[in-house]
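First the structure, in the form of structure tokens, and then the observations on it.
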Amino acid sequence: MIREAIDEYKKAADDGRIQQKDVDQKHLPLDLDELVNGVDVIDPATGVPRKVSYLQRIPVDPFTAEAEWGMRSYQDDWDATSWGGENLYDVYSLSDGKALDGTYYRDW
């Protein structure tokens, strides 16, 4: 759900319908709160901006039962465990649990 919201935001930004605050944002949301609180998106038919929320709330991680996620920016390494803060490119579980195949949930 979060990754879908990030993709929808990026598509609107790529289309020029969301004004970016910084070049390092790379057409991505700044953080999870921006997806929930909303951002002004320009309606292509009217040219008028309207507030769009891409998530109703931050989803609960099914492995930790908390609405907290590890975050990575586009500039971070693919396996980084600390967030650079430039944008929100990916999320991962903060759980230390392992799946039946031995992989960690946070690596999914």
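The values are calculated or read from the model by the stated rules, or taken from the named source; none is laboratory data. These numbers come from a predicted model, not from an experiment. A quick note on method: Cβ atoms are made from the backbone with ideal geometry, for glycine too, and the neighbour counts reach across all protein chains shown.
Would you be able to say whether some residue in region 94-105 is acidic (Asp, Glu), more than 18 Å from residue 13 (Cα to Cα), in contact with a Phe, Trp or Tyr (Cβ under 8 Å, 6 or more places away or on another chain) and part of a loop (DSSP other than H, G, I, E, B)? Yes, the conditions are met somewhere in region 94-105. Pairs meeting the criteria (first residue in region 60-81 and over 14 Å from residue 97 (Cα atoms), second residue among the hydroxyl-bearing types (Ser, Thr, Tyr) and modelled with pLDDT of 95 or more, beta carbons under 6 Å, at least 6 apart or on different chains) are 70/92; 72/89; 73/89; 74/89. Scanning region 84-96 finds no residues that are loosely packed, with under 12 Cβ neighbours inside 10 Å and either touching a residue at least 12 places away in the same chain (Cβ under 8 Å) or polar (S, T, N, Q) (or both).
For region 30-47, filtering for residues that are assigned to a loop (DSSP other than H, G, I, E, B), at pLDDT 95 or above and loosely packed, with under 15 Cβ neighbours inside 10 Å leaves 1.
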